[in-house]
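The values are calculated or read from the model by the stated rules, or taken from the named source; none is laboratory data. Because the structure is predicted, anything quoted here is derived from the model rather than measured. With ideal geometry, Cβ positions are generated from the backbone for all residues, glycine too; neighbour counts draw on all protein chains shown. To get the accessible areas, we keep the full protein, side chains included, count just its heavy atoms, and leave off ligands, DNA and RNA. Shrake-Rupley method; radii C 1.70, N 1.55, O 1.52, S 1.80 Å.
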Amino acid sequence: IGRVLAIAAAGGRLFIGGSFNTANGLPRQGLAALDGVTGAVLAWHARLTTTSPSAAAAFTLAATATRLYVAGFFDHVEGAARNRFAVVDASTAALLLGELSPTIIDPQIQGIEVTSTRVFLNGGCRNGGFVICAYDPDMAPLTGWTFPPSTGPMAASSTSDTAGFSLDA
């Protein structure tokens with residue numbers, strides 16, 4: 001029995017991520033795509049795996065019409081090495097170029113937000129604490145864009161008891 005931990009919608013599809021090996025009886029390892037109208041599981045199939053004894057899982061997703069950005073507990077996607085983060089083709093499920101720097105010790109990404117020109121990650125996207133990092137859609141770091149590190153997870157909202165900010169990209 002598995003669990004859905006994240007959802008993202010784009011291009012008429014609903015992508016689900018979590019800790020599961022099947023979706024409606026079809027083999028799906030941590031990621032699946034559903035028809036946005038009917039809920040039927042689509043042929044789209046990007047496999048998350050890990051060499052750890054624990055099961056692979058997708059914890060955070062963000063989608064555009066052409067790309068699905070995935071973060072979680074895995075070290076391979078479609079057999080290719082990826083350290084807890086990957087970019088997958090939203091139509092074909094093919095693994096795309098674009099990954100975090102291999103020098104990041106423990107990239108625990110807790111949030112992903114995408115626009116047509118930017119990808120923002122919240123979490124361990126660089127060494128030295130939890131931060132917000134900015135990339136282009138191919139995951140090239142945006143130069144001159146920084147956000148101060150935090151010693152723990154960050155929260156942003158418009159309520160008065162938490163930090164608030166907005167980004168116009």
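Is segment 128-151 home to any residue that is of a type in the set (A, V, I, L, M, F, W, C), at pLDDT below 70 and surrounded by 12 or more Cβ atoms within 10 Å (Cβ to Cβ)? I'd like the intermediate steps shown before the answer.
Let us first name the residues in segment 128-151 that are of a type in the set (A, V, I, L, M, F, W, C), namely 130-134, 139-140, 142, 145, 147.
Keeping just the survivors that are at pLDDT below 70 gives 147.
Narrowing the set further to residues that are surrounded by 12 or more Cβ atoms within 10 Å (Cβ to Cβ) leaves 147.
Checked segment 128-151: at least one residue is of a type in the set (A, V, I, L, M, F, W, C), at pLDDT below 70 and surrounded by 12 or more Cβ atoms within 10 Å (Cβ to Cβ).
Identify all residues within segment 20-42 that are open to solvent by 40 Å² or more (accessible area, probe 1.4 Å) and in a strand (DSSP E or B); write none if there are none.
Across segment 20-42, the qualifying residues are Thr22, Leu26, Pro27, Asp35.
Would you point out the residue of segment 47-96, among those that are aliphatic (A, V, I, L, M) and part of a loop (DSSP other than H, G, I, E, B), that is modelled with the lowest pLDDT? Break it down into steps so the answer makes sense when it comes.
In the first step, residues of segment 47-96 are kept if they are aliphatic (A, V, I, L, M); the result is 48, 55-58, 61-63, 65, 68, 70-71, 77, 80-81, 86-88, 90, 93-96.
Those still in the list that are part of a loop (DSSP other than H, G, I, E, B) too: 55-56, 65, 90, 93-94.
Details: Ala55: 86, Ala56: 92, Ala65: 94, Ala90: 96, Ala93: 96, Ala94: 96.
So the residue we want is Ala55.
Identify all residues within segment 43-72 that are touching a residue at least 24 places away in the same chain (Cβ under 8 Å), of a type outside the set (Gly, Ala, Ser) and open to solvent by 50 Å² or more (accessible area, probe 1.4 Å); write none if there are none. I'd like the intermediate steps shown before the answer.
Restricting attention to segment 43-72, the residues satisfying the condition of being touching a residue at least 24 places away in the same chain (Cβ under 8 Å) are 44-51, 55-72.
When the remaining residues are screened for being of a type outside the set (Gly, Ala, Ser), the result is 44-45, 47-51, 59-61, 64, 66-70.
Of everything in segment 43-72, those that are touching a residue at least 24 places away in the same chain (Cβ under 8 Å), of a type outside the set (Gly, Ala, Ser) and open to solvent by 50 Å² or more (accessible area, probe 1.4 Å) turn out to be Arg47, Thr49, Thr51, Phe59, Thr66, Arg67.
Considering only segment 84-103, state which residues are in contact with an Asp or Glu (Cβ under 6 Å, 6 or more places away or on another chain) and open to solvent by 40 Å² or more (accessible area, probe 1.4 Å).
Leu95, Leu96
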